[in-house]
Structures are given as C-alpha cells and as structure tokens.
Amino acid sequence: MIGAWSPGQWALRVTMVLGVLVALASTTLVGVVPDWWLVLVVTGLALGFASSPESHAGAVAMAFVVVWWGVSLRDGLHPEALLAAAGLLASHVAGLLAAYGPDELSVDAATVRRWVFRGLASFLLAPAVWLVAVLLRDRPEAPGVWVAGLTVALIATVAASMAFTAQEPT
Amino acid sequence: MTHWHTTAALSRALAIGSLGLAVAVLSGEPVLVVLTAPFLVFAALGLLHRPTTEPRFTTQLDHAVLHEGQGTRSRLSVDDLSEVEQVTRLAASVPHVAMHPADGRICRLIGPDGTLPVVEVSPRRWGRRNLGEENIALTSRWAGYRLGPTTLIGHQLQVLPVRAPFDSRAEAPQPIGLVGAHRSRRLGDGTEFAAIRPFQAGDRLRRINWRVSLRSQSLHVVTSRGEEDTGVLVVVDALADHGRSGGVDGTASSLDVTVRAAAALAEHHVRRGDRVALRVVGAGWESVGYGAGQRHLRMILGRLALLHVGEPRGFSADHLQFGATAGTVVIVLSPMLSDAMATATATLLRRGLPVLVIDTLPPDAAPAVVEGTDPRVADVAWRMRRLERDQVLARLSALGCPVVVWRGPGTLDDVLRRLARRAQLPQVSAR
C-alpha cells in the first residue's frame, strides 16, 4: 500500500519515524549513545507506527524513548530534552493526521495547519516545565512538591484547553 | 449507526502522558515531565471534548436525473455538528462515474459556518448508475473521539443520454397529420405554392390571384400545400452492446451511438412538432407511444436511459410488432447483427413505410469472447459475421432502405429527401 501514499502522506509517515528517532538520538548530544538494540527496536516500532498509524506501535516506541531518557540520564535536565519533546510531539501529531483516513487519503492543508498550531501551542508547556524544573533543581525538595507540581500542571492544562478552544484558528 | 469511540491519538497521548508523569514521580526525574507535558495537553483536551450526543448523518444528491457529462453534488448532512470538528468521506469508485476529488476520498475540517465537505459526481454514460457505498467518519474536537466509519448505501442516478447535436432540414417523406411543419402532398392552408386554378365556390377571396384573373378574364386562386406533422417511430436495437464504451468523452459502443442518436432524433422531431414513438428491441421491451411536447420527450429519454440490454427469451422476428401506421417514418438504429432485426426492417419496408437504418456498429468493435478462446478463431469468426452483416445491409439497400452511419447533424438530410421524392411516385405496398 506504500505505493498509494500521496506526497502528503509520505511527509507524515517520515515525520512519524524521524520524530521518534530524533527523540531517542538526542541523548547522544549529551554524550549518552543509545544501545544498538534499542535503536533497532525503536526503529522497528516507528516503522510499524508509520505503516499503521492506528496501531499501538507508536505508543510503545515513544514509551521506550521516555524510559530511555529516564534511565540513561540521571538528573538530566538538559536543554536537549526540549528537542526530544519536540520530536515526540511531531511524531504524535503526524500519526494523528495520518490516522484520519486510509493510506491513500490526501492530506488536507487546513487540517495540517490547525494541528501544527495546536502542536506548537502545546509544545510551549515543555520549555515552561523545563524552566521551572531548572529553577527548582538546587532547592531542597519540600514534602509534597511533586503532588503540588502535578496539580499545577493539570490545572494549567485545563486552563490552556479552555484558552485553545476559544482561540482556535478556523 | 456506530458510537463514538476513542481514537488511537487520544490513547497514545494518555498512555505517554501518564507514563511520563508516573515514572517522573517515582524516579524523581523532572525531565520526563518535560518530554510528556505536551501529551498531557492533548489528552486533557481530547477528554474534555468528549461528545455527549450521537449525530445522525445522511448523504443526498442535488439532482437525481442528469444528462451524461453533467455533474451534481453529493452533500452530507449531519443533524448535530456542535461536537464535530472534522469529517472524512470515502466514496467508492464506480464505472462511468467521475468524482471530484478523483478518488472520492475527502478529509476536511468543518467550516466556521458548518459547511461540510462535498463530493462532486458526474456520470459519464447514460443509464442507471448506482453510486458506490460511502464510508463516513466524524471526529470530535482535538481528535479524541471518532464516530464511524459508517457505511452508507450509494444513491441511484438516472442518466439521460447526452443531447447530441443534430439538426435536419429535410422534410418528412409522407406527412399525414393535422398541423405541423412538413409540406404535405395534399393541398391546404400552407405557405408553399402548389398551383393556380380557377375559382371555386368556397375559396377564400384573399387567395385570388388578380394578375392571372385579369389576363384570363376569369377568377383564379392560388393553392398551397398543407403543412402537416408526421409520425416518427424510433426503433432501438438493444439486443447486445458491441464495442467498448468510454463514456461521453471516450469511445462509443454500439449502444452508446444508438441511444444518443435516438435521443437526438427524438428531440429534433419533437421540436418540430412531430409525433414521436419509441420501441426498444431488447430484454425490457421498453416503448413509448406516439406523442409530442417536452414532457413526451422527457419520457422517451427516461426510457432510453433505463433500457435493458439483452435478447429476450424465445426472441424471433415474429415478436416484433412495431405498430407503425401509414405515413410514419421508421428510423431503425441497429448494428444489424441480428437476423430478426433485419427481417423486421424488411417487413416494414414491404408495407410501404419509409424506413431508414442508422448503422450503429463502431468500426473498431470487437467481439467479447469466452476466456480461453483462440484469438485467431475469434477474429476469423468476427470477420465472417461482419461479412454477413454487410450482405444484410446491401440487401436492405437493394430493397430501398437507406443505410447510413450516424454522424450527427445532417445524417438524415439526404436520405429523407430521397425518401420524400420517392414518396411522390406511385407505390405498391404489401400488407
């Protein structure tokens, strides 16, 4: 069915694969190279995700990347994490767009514009969290800070959702 | 109608967002929250916009009856769009129906004024066209939930033959009617000069020719020919379809030529005020009686569009009773590959009716052969069949039946004039 993909679908599928791989490989910029078997597994899952955007392969591939970031870098609040977040988000948005219909479906430019806008707006949360985490890193950990942080994050998410819903471009 | 269900995107956003948060809390690594925070936004917004109602949707065509090559729109109507953000329509392709987008697949956001994506449909060949099934899916805001895909049964289009350009200035050979545009052999109140004769009681005074009357010392009047309508019987051979049909823009099969020519002839004669009838020789035996006017024309075009191709059971020339009355012009549209049609045409000729045959067999027509047949054998058989057909056409010509190939405007002018001249001669008709 690959032969039936339109140029737009090709772009989406390539983004789905590259987004996950960029997120995985961005630890290399910090000096931690992912194991070859991990690259192989994530690549396979990303390819499966690209060929079937509605499958769970994408979620599993992204989970591998997230866990890899957690285990490979201790106290890894590197700015490269933002690149990884962007890669994961791009892959997710591309998968969402590709799942709107069958493989042969041409991609609607207005839909892509709307989701790019949404993706960029959502991505702003990543540097915000990163900045807060960097500022609080050297301070002693107060009891319940994670719970408070989580609550604040959820409230911010709900507030942002209201704002996005009201200001969505048409 | 299916129900709303979560999309893969929402499941993925929930899974990655939750995983990131959980591992971050457990391991004390805030970087995982950085990675997965945007996913939480997607998940939260997707969940927040969970639809509460299940909209019902249908599709409808702007027009149910079209001519070949014309287009209409298949519109989607949804009773409640308040929770729907995007629509995907996947219409199946069917032969002889062009669509825009070409593959019938369209994915669009719902417009700010609630406009839904439209699929444009254009039938390329006459007949009854069943549009294919259509799968429709609606997606909620932030792509959290999807309704469908739901399969809707395609609509049916009645496709009338295209109005091929046709015009003829020739008169009908034997007009026998009341009021029309054809010059009759009988004298009447027409405008065509017939003769000058002595005045008789009952003649109108305005008909007196004073110049001749003064010269001859007795009153003379100008007589004119009556103008009458004629009956036209269009006989359509739908026993088989020979050749390949490429639709209104492509190559024409024998039935394409037949049906389009019949439509053009019917329209032309109806426009001139003649009474037109239709007889289809085929599996459906469709027929329309004599009549005139636009409504009658629409009826003829409708029957042509819905004719059934095929040979009826036990078909023979004895079954062909056309009911052609005296003075009716019979136009037989046929590839003349059926002996019964040739016999019926010859019978009409012997009755003294003006009959003309329009040969509708495409020059490049090839037979449909059973799989496994030696192509050389099929080719030889087809050539023999065409030779036999040529003989039949030659015999019909020898009987006085003009055979012409349909070429649009002016196809019948010459033959109708010849038939009109011949009609002036005394004839012996057999019944």
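The values are calculated or read from the model by the stated rules, or taken from the named source; none is laboratory data. As the structure is a computational prediction, the values presented were derived from the model and not from experiment. With ideal geometry, Cβ positions are generated from the backbone for all residues, glycine too; neighbour counts draw on all protein chains shown.
When A:Val93 is evaluated against the numbered criteria (1) surrounded by fewer than 23 Cβ atoms within 10 Å (Cβ to Cβ); (2) more than 7 Å from chain B (Cβ to nearest Cβ), which criterion, by number, is the only one it fails?
The single condition A:Val93 does not satisfy is (1).
Criterion first (in a helix (DSSP H, G or I) and either out of contact with any helix residue (DSSP H, G or I) (no Cβ under 7 Å at 6 or more places or on another chain) or at the interface with chain A (Cβ under 7 Å from one of its Cβ atoms) (or both)) does B:Leu14 satisfy it?
no
Looking only at residues that are of a type in the set (A, V, I, L, M) and away from chain A (no Cβ under 14 Å) in the stretch B:33-73, which one is nearest to A:Phe64 (Cα to Cα)?
Restricting attention to the stretch B:33-73, the residues satisfying the condition of being of a type in the set (A, V, I, L, M) are B:33-35, B:37, B:40-41, B:43-45, B:47-48, B:61, B:64-66.
Of the ones still in play, those that are also away from chain A (no Cβ under 14 Å) are B:61, B:64-66.
Numbers: B:Leu61: 50, B:Ala64: 55, B:Val65: 58, B:Leu66: 57 Å.
The residue in question is B:Leu61.
Among the residues of the stretch A:99-112, is there at least one that is in contact with a Phe, Trp or Tyr (Cβ under 9 Å, 6 or more places away or on another chain), within 15 Å of A:Ser6 (Cα to Cα) and more than 7 Å from chain B (Cβ to nearest Cβ)?
yes
In the set A:Ser91, A:Ser122, A:Ser161, which member is at pLDDT 80 or above, polar (S, T, N, Q), farther than 21 Å from A:Val14 by Cα and part of a helix (DSSP H, G or I)?
A:Ser122
Within the stretch B:147-157, take every residue that is touching a residue at least 24 places away in the same chain (Cβ under 8 Å) and more than 9 Å from chain A (Cβ to nearest Cβ) and give me the one that is farthest from B:Leu66 (Cα to Cα).
Within the stretch B:147-157, the subset touching a residue at least 24 places away in the same chain (Cβ under 8 Å) is B:147-150, B:152, B:154-157.
This time we only want the ones that are more than 9 Å from chain A (Cβ to nearest Cβ), so: B:147-148, B:150, B:152, B:154-157.
Values: B:Leu147: 33, B:Gly148: 31, B:Thr150: 27, B:Leu152: 22, B:Gly154: 16, B:His155: 13, B:Gln156: 11, B:Leu157: 7 Å.
The residue in question is B:Leu147.
Would you call B:Arg105 over 20 Å from B:Asp80 (Cβ atoms), surrounded by 15 or more Cβ atoms within 10 Å (Cβ to Cβ) and either at the interface with chain A (Cβ under 9 Å from one of its Cβ atoms) or of a type in the set (S, T, N, Q) (or both)? Let's see the steps before the verdict.
Working: over 20 Å from B:Asp80 (Cβ atoms): yes; surrounded by 15 or more Cβ atoms within 10 Å (Cβ to Cβ): yes; either at the interface with chain A (Cβ under 9 Å from one of its Cβ atoms) or of a type in the set (S, T, N, Q) (or both): yes.
So B:Arg105 passes the test.
So B:Ala24 ticks every box in (1) more than 24 Å from B:Leu147 (Cβ to Cβ); (2) among the small types (Gly, Ala, Ser); (3) out of contact with any Leu (no Cβ under 6 Å at 6 or more places or on another chain) but one. Which box is left unticked?
(3) is the only condition that B:Ala24 fails.
Which numbered condition in (1) in contact (Cβ under 8 Å) with a residue 12 or more places away in the chain; (2) among the charged types (D, E, K, R); (3) over 30 Å from B:Pro149 (Cβ atoms) is the only one that A:Glu104 fails?
Going through (1) in contact (Cβ under 8 Å) with a residue 12 or more places away in the chain; (2) among the charged types (D, E, K, R); (3) over 30 Å from B:Pro149 (Cβ atoms) one by one, A:Glu104 breaks only (3).
Quick check on my filter: what residues within the stretch B:110-150 are modelled with pLDDT under 85 and either in a strand (DSSP E or B) or surrounded by 22 or more Cβ atoms within 10 Å (Cβ to Cβ) (or both)?
B:Gly148
Tally the residues that are of a type in the set (Lys, Arg) and part of a helix (DSSP H, G or I), restricting the search to the stretch B:342-378.
Within the stretch B:342-378, residues that are of a type in the set (Lys, Arg) and part of a helix (DSSP H, G or I) number 2.
Within the stretch B:74-88, does at least one residue satisfy the condition of being part of a strand (DSSP E or B), under 53 Å from the mean Cα position of the chain (by Cα), touching a residue at least 24 places away in the same chain (Cβ under 8 Å) and facing chain A (nearest Cβ under 7 Å)?
Within the stretch B:74-88, one or more residues are part of a strand (DSSP E or B), under 53 Å from the mean Cα position of the chain (by Cα), touching a residue at least 24 places away in the same chain (Cβ under 8 Å) and facing chain A (nearest Cβ under 7 Å).
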